[in-house]
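Q: Submitted below is the structure of interest, expressed as structure tokens.
The values are calculated or read from the model by the stated rules, or taken from the named source; none is laboratory data. A quick note: this is a predicted structure, and the numbers were derived from the prediction, not measured. No Cβ is skipped: glycine too gets one built from the backbone with ideal geometry, and neighbour counts run over all protein chains shown. Just so you know, the surface numbers come from the protein's heavy atoms only, side chains and all, with ligands and any DNA or RNA stripped out. Shrake-Rupley method; radii C 1.70, N 1.55, O 1.52, S 1.80 Å.
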Amino acid sequence: MEKSIKFIQGNEACVEGALYAGVEFFAGYPITPSTEIAECLSQRLPERGGKFIQMEDEIASMCAIIGASLTGKKVMTATSGPGFSLKQEAIGYACMAEIPCVIANVQRGGPSTGNPTHVSQGDLNQARWGTHGDHNIIALTASNHQDIFSITVDAFNLAETYRTPVILLFDEAIGHLREKLVLPDEGELPIVGRLRTSVGKGVDYRPYLPREDGRLPMSDFGAEHRYNVTGLFHDMWGFPSNNPQVVSDLLRHLMDKIDNNVHSITRYKEHYMDGAEYVLISYGSSARSAIHMAKNRRMKGEKIGVLELQSLWPFPQHLIREKCSKAKAVIVVEMNSGQLMYHVKAAVDDPGKVFLSNRIDGKLITPADIKGLLRIIQGRGV
Amino acid sequence: MAIKDYLRQRFFPHMWCPGCGHGTVLNSLLRAVEELGIEKNDIVMTSGIGCSARISGYVDFHSLHSLHGRALAFATGVKLSQPKLKLLVPMGDGDALAIGGNHFIHAARRNIDITAIVMNNKIYGMTGGQYSPLSGVGKKATTAPYLTIDNDFDVVELAKAAGATFVARTTTFHATEATDFLKKAIMHKGFSVVEILSQCPTHYGRKNKEGDAPQMVANYDKITARLGSKKLEENPALIGRGIFVDRQAPEYCEEYDKIIEYAMKGRK
């Protein structure tokens, strides 16, 4: 059978990925530059019996998808900087109550209203620490439409596997870029469904008692088990508790379920990394410029490679350390003031060899920008 | 089924103060559910944060104790994704109409089939007695040591204007009337609002010299009158009790089902 090929925006590739993963419910609010995700799903979801709702604000959208997830549905919302800020309290709720959900943040310039129609990667640390209190989170990204599709599928899979919100951290450039997407056939990519409890009717179901493999089987609202869901610290029945042991056990569980699985959550790509003396670390649309630059320099015999991160949180510290161990210099390429760079510096043996190639003016970083910095590092002048 | 069969007894005693009206609201609500014979599995109770919100932990329904002010937004997600479920959303006055005011008017505007119960004690109780948007002018609160200058909302008028298709008001003095209104609200197809004046002797009554719990409850009979009653006619300044709105209008989830039907046909 011939493959279905589309020429679409990155935001539409995200929609295709979400539909492939089985999204059934979307709640959102208009915001540039993510609005196309809502627009497309308002058309596509009801075609397959799914539900779309435009809520009164960003907060309500986040709350509505959490409510829908509790009925057993695969859910998502999409937003950008200001909306992402507004959603943070409810994202923390989903962390605490362990509700699977996917939040796409198509990044624009910030802070505040910032630069709505221009690219930025300034929400990297907000994705990790936007909501208050200790917690853990998964954040994924991609630099081309084929990867946006598959990483979106991954986002739904990881949300179900770890019962956690998963952030898709795209950016304006990739969200609005049009390029080719080859739709995978059904069954080509794995899909993780909702894990439902096998505890029978009349038996005490403990919604927050993990199985031996650490997963927490769920029971849909409306099904035979009635239990409490709360943002307060809670015991294994979901009932509020401030017992110190219950509090610390739950917080440790929330941290450990992600931290202990960094290896299986980490997603990355290597480009021209064989024997690379100079390692560029990048992600999202910045990675396209890094890859372009590395390809050109390789043709001229320079040993330059790109480590493209597709999972940003949990931070793949060991991967970074290993891939940078032999590098003369590491250049982090990103469109913010060095948000990833600080984490890379903390991960490598010699922080002094880590440099930042960035742009914070709303313009896409170019291969020439990166090349300029590389020449300075190499002592060759600009 | 006995009332106690609707309670999660292992989570008692509850955390409400002695004399609090919220237990009376819970009683009226459970009697309404019992008299209607609704299956426990068909009910989702969604609440926000505050004294009122703790009600969801005590009932043996599916329960979602959510965020301050956001109960109706969570409930909208539950209801739209699974319309066969009955959504009961008890909220405090600050929860429903200060931080949650936007969700309140928009849920009413959509006419989504959810029952909102505003447990109005005119104060933020859990945080220790700060004035709420329903306190009204001239009241004392921990954040109004010189008395409030804020006007209050009229829940009934607000719900009517926002498009709620069932709106009623009663008090904890009128517990059987509350059960009756709640039964009608739950069976109503569309967004229903029941405001129940509920005493907070600890933080409101004490500061505003309204007496102890029995006095506050008894006062509800004095300051209110049934719609259409002679008492109200002769004393129009009294607070009206009764069903203010009960009309039929297209319900949100049913309208969305029509979209699905149309979209699926278009696809074939």
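Q: So in segment B:144-176, with the set limited to residues that are of a type in the set (Asp, Glu) and surrounded by fewer than 18 Cβ atoms within 10 Å (Cβ to Cβ), which one is nearest to residue B:131 (Cα to Cα)?
A: Result: B:150.
Q: Could you list all residues from segment A:348-377 that are surrounded by fewer than 18 Cβ atoms within 10 Å (Cβ to Cβ), free of Cβ contacts under 8 Å to residues at least 60 places away in the same chain and in a loop (DSSP other than H, G, I, E, B)?
A: Correct list: A:349, A:350, A:361.
Q: While we're here: Consider residue B:188 carefully, then state whether it is more than 14 Å from chain A (Cβ to nearest Cβ), within 17 Å of the chain's Cα centre (by Cα) and farther than 28 Å from residue B:19 by Cβ.
A: yes
Q: On the phi < 0 side of the Ramachandran plot, part of a helix (DSSP H, G or I) and not aliphatic (A, V, I, L, M): is that true of residue A:56 in this structure?
A: no
Q: Hey, could you check segment A:161-174 for residues that are under 14 Å from the mean Cα position of the chain (by Cα) and not aliphatic (A, V, I, L, M) and say which is surrounded by the most Cβ atoms within 10 Å (Cβ to Cβ)?
A: Residue satisfying both the conditions and the ranking: A:170.
Q: Right, another one. Cβ-Cβ under 9 Å, sequence separation 6+ or interchain: first residue in segment B:1-13 and of a type in the set (Gly, Ala, Ser), partner surrounded by 10 or more Cβ atoms within 10 Å (Cβ to Cβ). Which pairs?
A: Between residues of segment B:1-13 that are of a type in the set (Gly, Ala, Ser) and residues that are surrounded by 10 or more Cβ atoms within 10 Å (Cβ to Cβ), the close pairs are B:2/B:34.
Q: Just one of A:201, A:257 is outside any loop (DSSP other than H, G, I, E, B), outside the structural domain of residue A:71 (by TED's automatic domain parsing) and charged (D, E, K, R); which is it?
A: A:257
Q: Also, I was wondering about something else. Quick one: which strands (runs of 3 or more DSSP E) lie wholly within segment A:67-122 and hold at least 3 residues that are crowded, with 24+ Cβ neighbours inside 10 Å?
A: Where strands (runs of 3 or more DSSP E) fall fully within segment A:67-122 and carry at least 3 residues being crowded, with 24+ Cβ neighbours inside 10 Å, they are A:75-79, A:101-109.
Q: Count, please, the residues in segment B:213-255 that happen to be surrounded by fewer than 18 Cβ atoms within 10 Å (Cβ to Cβ) and either within 14 Å of another protein chain (Cβ to nearest Cβ) or small (Gly, Ala, Ser) (or both).
A: Number satisfying all stated conditions: 8.
Q: Check segment B:101-121 and report whether any residue there is surrounded by 24 or more Cβ atoms within 10 Å (Cβ to Cβ), free of Cβ contacts under 8 Å to residues at least 40 places away in the same chain and under 30 Å from residue B:144 (Cα atoms).
A: yes
Q: Could you grab me the full set of residues in segment B:198-212 that are assigned to a loop (DSSP other than H, G, I, E, B) and in contact (Cβ under 8 Å) with a residue 12 or more places away in the chain?
A: Correct list: B:198, B:199, B:200, B:207, B:208, B:212.
Q: Still on this model: Is it the case, given these coordinates, that residue A:325 is polar (S, T, N, Q) and surrounded by 20 or more Cβ atoms within 10 Å (Cβ to Cβ)?
A: No.
Q: Kindly provide the set of residues from segment B:28-85 that are assigned to a loop (DSSP other than H, G, I, E, B), under 16 Å from the mean Cα position of the chain (by Cα) and small (Gly, Ala, Ser), ordered by number.
A: Correct list: B:48, B:50, B:66, B:69.
Q: Right, next: With the condition kept exactly as written, say whether any residue in segment A:61-78 is more than 7 Å from chain B (Cβ to nearest Cβ) and free of Cβ contacts under 8 Å to residues at least 40 places away in the same chain.
A: yes
Q: Further, regarding this structure: Got a number for residues in segment A:290-322 being assigned to a helix (DSSP H, G or I), under 17 Å from residue A:368 (Cα atoms) and open to solvent by 10 Å² or more (accessible area, probe 1.4 Å)?
A: The number of residues fulfilling the criteria is 7.
Q: If you don't mind, another one. Looking only at segment A:148-181, count every residue that is touching a Lys or Arg at 6+ places or on another chain (Cβ under 8 Å), assigned to a helix (DSSP H, G or I) and not aliphatic (A, V, I, L, M) and tell me the total.
A: Number satisfying all stated conditions: 6.
Q: Please find, within segment A:29-58, the residue that is least open to solvent (accessible area, probe 1.4 Å) out of those that are within 12 Å of chain B (Cβ to nearest Cβ) and under 19 Å from residue A:116 (Cβ atoms).
A: A:58
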